[in-house]
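The structure under discussion appears below in the form of structure tokens.
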Amino acid sequence: MDPLRPDELQVWQACKTLGHHVTRRVGAELTAVTGLSGSEYGLLSRLEELGEGRLGQQALADALGWAKSRMSHQLTRMAARGIVHREKGPTGVVVVLTPDGRDLLARARPVHAAAVREYLIDRLGEPERAMLVRIADRLTDAGGEGEPGG
């Protein structure tokens, strides 16, 4: 197969830059205000949304699109900070959001929302936002490998 043409390369670079730029800025805001990284916020918010603060470790890893080792290392660091803990469940390890983790998540949600609005939503008009959603839907449906984000 031939290498990407300049116009194809431009589309590829735009896609990579958009995702990296927005998530980096949102993550930086979260870290500056709450001390949470973007990955930590994503994990806590998924844990709350999908399991009401209690979810199997493998289900959480699957929801985030993370490898088992990445999930394990991340949870070890977060457990040391007292924002989650792990316990043995009937079918494996269960991740539990602690009261401190719930408080931190509650403080982080408005920071996350404000940053997403500042660095993405407010910079696009309604037609552009709708188009971006349609493009993302088409690409994730076609590839079947869309990774959920925070």
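The values are calculated or read from the model by the stated rules, or taken from the named source; none is laboratory data. This one's a predicted model, so the numbers in the text were calculated from it and none came from an experiment. Cβ placement follows ideal geometry from the backbone for every residue including glycine, while neighbour counts extend to all protein chains displayed.
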_Of the criteria (1) of a type in the set (A, V, I, L, M, F, W, C); (2) closer than 30 Å to L139 by Cβ; (3) within 16 Å of the chain's Cα centre (by Cα), which one M78 fails_ = (2)
_Please determine whether any residue of segment 25-48 is under 17 Å from the mean Cα position of the chain (by Cα), among the charged types (D, E, K, R) and loosely packed, with under 14 Cβ neighbours inside 10 Å._
no
*Condition check for E87: acidic (D, E) and under 21 Å from C15 (Cβ atoms)*: no
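Could you look through segment 80-118, keep only residues that are assigned to a loop (DSSP other than H, G, I, E, B) and at pLDDT below 95, and pick out the one that is surrounded by the fewest Cβ atoms within 10 Å (Cβ to Cβ)?
P90
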*asked:* Quick check on segment 71-82. Is at least one of its residues within 20 Å of D100 (Cα to Cα) and among the β-branched types (V, I, T)?
replied: yes
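Tally time: how many residues in segment 78-125 are touching a Ser or Thr at 6+ places or on another chain (Cβ under 7 Å) and of a type in the set (A, V, I, L, M, F, W, C)?
6
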_Filtered residues of segment 25-36 (kept if over 14 Å from G101 (Cβ atoms) and either modelled with pLDDT under 95 or among the hydroxyl-bearing types (S, T, Y) (or both))_ = T31
